[in-house]
1. Over the chain, calculate the relative contact order: mean separation of alpha carbon pairs under 8 Å at least 6 apart, over the residue count, as a percent.
2. Mind ordering 23-31, 246-254, 83-91, 289-297 by average Cβ neighbours within 10 Å, highest first?
3. Using each residue's phi in region 158-171, evaluate 6.51 cos²θ - 1.76 cosθ + 1.60 at θ = phi - 60° and report the 3J(HN,Hα) Karplus result to the nearest Hz, with x for Gly and Pro.
4. How many nm separate the modelled label positions at I173 and A340, each set 7 Å beyond the Cα in the direction of the Cβ?
5. Determine by what factor the alpha-carbon radius of gyration of region 310-399 differs from 2.2 N^0.38 Å, reporting the quotient.
6. Quick one: check the C-alpha center-to-center distance for region 288-358 versus region 87-121, whole angstrom.
7. Could you list, bin by bin from short to long, the percent of Cα-Cα pairs of region 160-301 in 5 Å steps?
8. Please work out whether region 1-55 counts as rounded, prolate or oblate from its C-alpha gyration tensor, where a ≥ b ≥ c are the square roots of the eigenvalues and a/c under 1.5 means rounded, while otherwise a/b larger than b/c means prolate and anything else oblate?
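The values are calculated or read from the model by the stated rules, or taken from the named source; none is laboratory data. None of the values given here were measured: they were computed from a predicted structure. Reconstructed Cβ throughout: ideal geometry from the backbone, glycine too, with neighbour counts over all protein chains shown. Just so you know, the surface numbers come from the protein's heavy atoms only, side chains and all, with ligands and any DNA or RNA stripped out. Shrake-Rupley method; radii C 1.70, N 1.55, O 1.52, S 1.80 Å.
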Amino acid sequence: MTDRVLVLNLGSSSLKYRLLDGATGVAEATGSVERIGEDSATLMHSVGGHDHTEERHVTDFEDALRSALDAFDRHGPAIDRDDLAAVGHRVVHGGDLFAEPVVVDDRLLDTVEDLVPLAPLHNPANLEGLRVALRLFPDVPQVAVFDTAFHQTMPEHAYTYAVPVAWREKHRIRRYGFHGTSYAFVSRRAAELLDRPVEDTNLVVLHLGNGASAAAVRGGRSVDTSMGLTPLEGLVMGTRSGDLDPAIHGHLHRELGWSLEEIDRALYRESGLLGLAGANDFREVTQRRAAGDEAATLAFDVYAYRVRKYVGAYYAALGELDAVVFTGGVGQHSAVLRAAALDGLSRLGIVMDAQRNEARSFDARFVSADGSDVAVLVVPTDEEWEIARQALAVVRGAQ
Ligand code: ADP
C-alpha cells in the first residue's frame, strides 16, 4: 500500500505542488507555476536537489496542472496513477460546513461553489483545481483539506460578531479563521517538543508569514483566532491591514467617494507593512529599520505591538498557558521580532533566552529560558505534509 500523496495548492494565479510520503513527510518533488494567465508564467520543478526552471505561457489552471505533470514526466519522478494514495487539495474556505477533510465528489464541488461569496479570491481557484484534478486523475481519491476546518471548534462566544441576527443566520457572517492546516501541524509538533500529549497543552500559536494570524489552542483544538470572516482581520501582514475600525469603509466612501472595491483593494494589497514602510517583505523592513529608517521602524513597531496584544488576549482567553509558538517565515526566522513581541513579560511567566532566540536554526526548538513558566517555541510549519497526512487518513478511513 502506497503512502504517496500529490498535494495541490492553487492560489488566484499560482499553483504549488508537492509529491510526498504522507506518513513520513519526505518529499520526492516540489514545484510551482507562477503568473498563470499572464504573458509568461514561471514553472519551477525541484527534484533530487536540482531546480528546473522555465518560462512558458500557461493559459489556465488546467494548463498549469498539465505543465506540472509534464515536468514530472521530463524530470521525474514518474507519477504512476496506481502508485498514488490520494491527491490532497488545499481549499481555503469551508464555511461552517467542514470541520474535517473530505473526499471530493460532485456534491462537494457544489458546496464549495456555494461558499465562493465567502472567499471570492481563493475558492474559485481551489474549485477549478478540484475539477481539473478529477479529470486528470479520475481513479485516484481526491481529498479537500480546508483552511477553516481547524477553527470549527471555536466556542460560539468567540466566533460570533455582535451584529444583527439576520446577518449571522442568513448571511453566515461570523469568524471562521484560516491557516488551519498550519495550526494543526504546529500544535502537534509543539506538544511533542513539550513532551506531553497535545490534549494537555494550552498554546498561543503565531503564524507569521505573508499572511499572518494568531490562534489560541487548547488541547489541540482552536478556541479563538485572529482572522475572521475573511483573512483581513487581526495581525499586521505583508500587504493587509489587519484590525481596523470597521467604520473606515463608510468614512472613506463618504469623505472621498471611494468605491468598496477600491477600499478593499487598498486594505488587502496596499496596506500592512507595504502601506507603512513601502515594502511588504519583513526582511527588508528589518534591514531598513536597523539602518535607522523611520517608516520601517514604525512598521516594525506596529507589527510587533499587534502580535504582543494578541498574545496577551489569548493568554487571558486560555486562562493558562504552556507555550507561545512562533511559525511562518517571520515567526521562524526573525529573532528580533520574537524578542520585541515578548519582551518584558516575565510577570506573565514568559522569559526568553537571548542566545537561544538568536541562534540560527531550521529545527523546532525552545527559545525560552530554562526557568520560564511559559515555553517559547519556534516550530517550522509544513502545510503540505499536514494536507498529505490528513488526505491519507481520510482515504485509509474510507477503505
Ligand atoms: P507565505 O505566507 O507566503 O507562506 P512565508 O511563511 O514564507 O510566506 O513568510 C514570508 C515572510 O517571511 C516574508 O515577509 C519574509 O521577509 C519573511 N522572512 C523570511 N526569512 C526571514 C528572515 N530571515 N528574517 C526576517 N523575515 C524573514
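1. 15
2. Those peptides, ordered most packed to least, come out 83-91, 23-31, 289-297, 246-254.
3. For region 158-171, the Karplus curve yields 8, 9, 8, 8, 7, 10, x, 4, 5, 4, 6, 7, 7, 10 Hz.
4. Here the answer is 3.5 nm between the modelled labels.
5. So the Cα radius of gyration is 1.31 times the expected 2.2 N^0.38 Å.
6. Using only Cα atoms, the two centres lie 34 Å from each other.
7. Calculated P(r), rounded to whole percents: 2, 9, 14, 15, 16, 16, 13, 8, 4, 1, 1, 0.
8. Taking the square roots of the gyration eigenvalues as a ≥ b ≥ c, region 1-55 is oblate.
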